[in-house]
Amino acid sequence: MPLLAAIFFVAGLYVTVEEALESTVTAEMVQADTLVMSYGALGTVNCTAKFISSATVAVVWTAVSPTLGFGLAALLMTAGTLALLRVGNE
């Protein structure tokens, strides 16, 4: 149970920071004339990705265990962070 609590805490902290910085990072990565379209694309991609992620974690949570479900969520969030860092450095 302590491992699950730690994973839940880290995942919540990550989502808090990511949600706060998302629009700022988007504004820095795109040109001003495409900003509105970029925010729309960001919202669409986020919605789709969050649905797929939630469904996948729910299936793992139900079929295997809650700890593995949160572990998978943490792994996916880490992969997303690394992808964002990689794109930001190019």
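Assorted remarks:
- V30 falls short on exactly one of the conditions (1) in contact with a helix residue (DSSP H, G or I) (Cβ under 6 Å, 6 or more places away or on another chain); (2) modelled with pLDDT under 90; (3) not basic (K, R), and that condition is (2).
- Exactly one residue out of V64, V87, V15, V25 is at pLDDT 90 or above and among the β-branched types (V, I, T): that is V64.
- Residues in the range 29-52 that are outside any helix (DSSP H, G or I) and either of a type in the set (S, T, N, Q) or loosely packed, with under 11 Cβ neighbours inside 10 Å (or both): Q31 only.
The values are calculated or read from the model by the stated rules, or taken from the named source; none is laboratory data. Remember, it's a predicted structure, so these values are computed and weren't measured experimentally. Because the Cβ atoms are built from the backbone with ideal geometry, glycine has one as well, and the counts that use them run over all protein chains shown.
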